[in-house]
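Right, one structure below, let's go through it.
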Amino acid sequence: MALLNDWQRSKLDPSDDSLFYDYPRFVTHVDSGFIGQLTDLYRKYLRPQTRILDLMSSWVSHLPPEITFAHVEGHGMNREELAANPRLDHFFIQNLNQNPILPLPDQSFDAVLNAVSVQYLQQPELVFAEVYRVLKPQGIFIVSFSNRMFFQKAIQAWRDASEGERVKWVQRYFESVPGFEVVQVIQRVAPLSWVGFLGGDPFYAVIGRRCT
Ligand SMILES: C[S@@+](CC[C@H](N)C(=O)[O-])C[C@H]1O[C@@H](n2cnc3c(N)ncnc32)[C@H](O)[C@@H]1O
């Protein structure tokens, strides 16, 4: 049975995503508390002088500034944003909802990152399978997200889900690819988040490893 049905993959704005990302947004999509937690998570999992793919990136990659990598490949939808990202050695533009096949060799990355973007994927199982393909054995895929989104561009399943259910969706995306194992799930909601701005952005991450 398919992971998602057509309705669950649909978006309120069904127009080509390229139109929506046509102009650059030099903003941060989550608050500094979220970004600090994400950079710390990268500190835990990423090793110096390794090859990193930042999938669905922009002008920031949230990588620890003190770590030097062998290569950071960027991917996204807006050329100006990616060209302004100081951590990228190279980047490519590709609409993953039109073509999920990554133009990258098998087993060529030690880690793949996807920050605050997984909700926009209409064929997540195909993209996760591609991430698996380009990861080296034991390579890791770090998927992070909060509760913010471009509502009209997030898939129906994500919009309908509670925050806890969204974590489950990402776990299912990993489980749909044989050989991926989820090694850590993080769900951190600030104690004061129910009063809105006082609590800060909730931090969620699912980390998978290529085992075979
Ligand atoms: C909220 S931004 C997050 C950018 C960056 N990862 C960050 O942490 O700031 C969402 C990103 O998802 C990517 N994106 C959205 N729809 C996409 C699609 N159909 N194909 C490929 N990338 C897409 C774009 O690169 C966009 O910058």
**OP:** Output the residues belonging to region 119-136 that are hydrophobic (A, V, I, L, M, F, W, C) and either surrounded by fewer than 21 Cβ atoms within 10 Å (Cβ to Cβ) or without any contact (Cβ under 8 Å) to a residue 24 or more places away in the chain (or both).
**Re:** L126, A129
**OP:** Scan region 17-49 for residues that are aromatic (F, W, Y) and either in contact with a His (Cβ under 7 Å, 6 or more places away or on another chain) or more than 18 Å from V183 (Cα to Cα) (or both) and jot them down.
**Re:** F20, Y21, Y23, F26, F34, Y42
Subject >> Selection status of Q49, more than 9 Å from the ligand (Cβ to nearest atom), among the polar types (S, T, N, Q) and on the phi > 0 side of the Ramachandran plot >> reply: yes
**OP:** Kindly list, by first and then second residue, each pair from a residue in region 42-62 that is over 16 Å from V134 (Cβ atoms) to a residue that is among the aromatic types (F, W, Y) and within 13 Å of the ligand (Cβ to nearest atom), limited to pairs with Cβ atoms under 7 Å and residues at least 6 apart or on different chains.
**Re:** W59/F26; H62/Y42
**OP:** Could you tell me which numbered condition M149 fails, if it satisfies all but one of (1) surrounded by fewer than 20 Cβ atoms within 10 Å (Cβ to Cβ); (2) touching a helix residue (DSSP H, G or I) at 6+ places or on another chain (Cβ under 7 Å); (3) more than 30 Å from G200 (Cβ to Cβ)?
**Re:** (3)
**OP:** Scan A70, A83 and give me the residue that is more than 26 Å from P137 (Cα to Cα) and among the aliphatic types (A, V, I, L, M).
**Re:** A83
**OP:** Provide a single number: the residues in region 130-155 that are more than 11 Å from the ligand (Cβ to nearest atom) and basic (K, R).
**Re:** 2
Original post:
Within region 189-203, is even one residue surrounded by fewer than 16 Cβ atoms within 10 Å (Cβ to Cβ) and modelled with pLDDT of 95 or more?
Top reply: no
**OP:** List every residue pair whose Cβ atoms sit under 7 Å apart, with the two residues 6 or more apart in sequence or on different chains, where the first one lies in region 10-34 and is under 18 Å from L82 (Cβ atoms) and the second, anywhere, is within 10 Å of the ligand (Cβ to nearest atom) and of a type in the set (V, I, T).
**Re:** T28/I35; T28/V60; H29/V116
**OP:** Find the residue count for region 73-110, including only residues that are within 26 Å of P14 (Cβ to Cβ) and not in a loop (DSSP other than H, G, I, E, B).
**Re:** 8
Original post:
Name the residues in region 26-59 that are surrounded by 13 or more Cβ atoms within 10 Å (Cβ to Cβ), in a loop (DSSP other than H, G, I, E, B) and more than 17 Å from the chain's Cα centre (by Cα), would you?
Top reply: T50
**OP:** For region 24-45, state whether one or more residues are closer than 24 Å to F151 by Cβ and of a type in the set (S, T, Y).
**Re:** yes
Original post:
For F69, are the conditions met, namely being away from the ligand (no atom under 13 Å from the Cβ), in a loop (DSSP other than H, G, I, E, B) and either loosely packed, with under 14 Cβ neighbours inside 10 Å or touching a residue at least 12 places away in the same chain (Cβ under 8 Å) (or both)?
Top reply: yes
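The values are calculated or read from the model by the stated rules, or taken from the named source; none is laboratory data. Just so you know, these numbers come straight off a predicted model, no measurement behind them. Note that each Cβ is placed from the backbone with ideal geometry, even for glycine, and that neighbours are counted across all protein chains shown.
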